[in-house]
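Undergrad: One structure follows; several queries about it will come next.
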């Protein structure tokens, strides 16, 4: 999923802007088999009433509870057993429970990610895998970006490179660590000048790049996947929200969140899977302390009947 799909597939839960939590995506080590296609929808709800203004944690009675919802379409296709391509795009709407700011809604960013598994090593009862992911996301609509925290996205085109290391034991225990770098394009405001830490007589804003890190661990079975995860999003630059002011697109927006996810594939109908999860921001900077929940449904098509329908969970 902003998606910065936000990377859609890229937003992280708890930012002042919208974020998307997804099932089987570019941030996990699950691969589709060759010629297998899986598509579905994810719903996400996020809410916060306290946020960090720089490093100062506070609330704002002029905003009350700030919430965002999204419905995201996602699809994944196995070009080979070791090469998958994924696309996604969300429809997002935001709301503040107090004050005069009106929420926004609209189609956010489309994302395309390619996941490649170039290396697998089996030793004893253990398996070690290396995965590389490249992705790009860009806005699908001309939404307003200079209206945080109720904007539906930040409007930049993003290119992401991700490295993942995945460990699996025959007991079905797994642990996956990943790190990504996000290159972000400049954005343009609907005004001729702006002030961040100095006056700029232009509508173009230079967006700082970002890095994200994630650790996930749990049980990865044939029908059930259950995991806990710790995620971090760090903006590599930017500046703090000034006292009692609105957020700005190029602010430093950092967030660390903890959460749980589960995916269940029906034994009687292995084409159909259900997903659910939630998370909470435990620390941030210029970000909301958000709680989020998500749910989804996905259907897999097996174009090659010789393939084991359950292998895509491995």
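Undergrad: Quick one: pull the percentage of alpha-carbon pairs in the stretch 61-208 with a separation above 19 Å.
TA: Numbers: 7265 of 10878 pairs.
Above the 19 Å cut-off, the stretch 61-208 has 67 percent of its Cα pairs.
Undergrad: Hey, quick one: spin label on residue 159, modelled 7 Å out along Cα-Cβ, who in the stretch 176-195 has an amide N within reach, i.e. under 11 Å?
TA: Within reach of a label on residue 159: 183-185.
Undergrad: So if I take the centroid of the Cα atoms in the stretch 157-220 and the same for the stretch 235-273, what is the distance between those two points in Å?
TA: Taking the Cα centre of the stretch 235-273 as reference, the centre of the stretch 157-220 is 10 Å away.
Undergrad: Now, a different point. Residues of the stretch 108-144 with backbone nitrogen within less than 18 Å of a virtual label 7 Å along the Cα-to-Cβ line of residue 211, please, listed as ranges.
TA: Residues 133 fall inside that zone.
Undergrad: Given 25 °C and 0.890 mPa s, compute D for the stretch 99-147 with the Stokes-Einstein relation, Rh being the Kirkwood radius over Cα pairs; round to the nearest whole µm²/s. List each step's numbers first, then the result.
TA: Details: Rh = 14.9 Å.
Rounded, D is 164 µm²/s.
Undergrad: Quick one: 116, 48, 233, fewest Cβ neighbours within 10 Å first, how do they rank?
TA: Details: 116 17, 48 25, 233 28.
Arranged by neighbour count, lowest to highest, 116, 48, 233 become 116, 48, 233.
Undergrad: OK, next. Report, in cubic angstrom per residue, the convex hull volume of the C-alpha atoms of the chain. Can you show the working numbers first?
TA: Details: hull volume 35.6 nm³, N = 314.
Normalising the Cα hull of the chain by residue number yields 114 Å³.
Undergrad: Can you compute the modelled spin-label distance between residue 97 and residue 144, with each label point 7 Å from Cα toward Cβ, in nm?
TA: 2.3
Undergrad: So, one more: For the residue pair residue 105 and residue 183, what label-to-label distance in nm results when each label sits 7 Å from Cα along the Cα-to-beta-carbon direction?
TA: 3.7
Undergrad: So if each residue of separation counts as 0.36 nm, and I subtract the Cα-Cα distance between residue 121 and residue 58, what length gain in nm does that give?
TA: 17.8 nm
Undergrad: Can you tell me the length gained on complete extension of the stretch residue 299 to residue 195, counting 0.36 nm per residue apart and subtracting the Cα distance?
TA: Values: separation 104, 0.36 × 104 = 37.44 nm, distance 4.80 nm.
Between residue 299 and residue 195, full extension yields an extra 32.6 nm.
Undergrad: A further question on this structure: Once you place label points 7 Å from the Cα toward the Cβ at residue 267 and residue 219, how far apart are they in nm?
TA: 1.3
Each reported figure results from applying straightforward, stated rules to the coordinates on display, with no laboratory input. Just so it is clear, the structure is predicted and the values come from calculations on it, not from any experiment. All Cβ positions, even for glycine, are placed from backbone atoms using ideal geometry, and neighbour counts span all protein chains on display.
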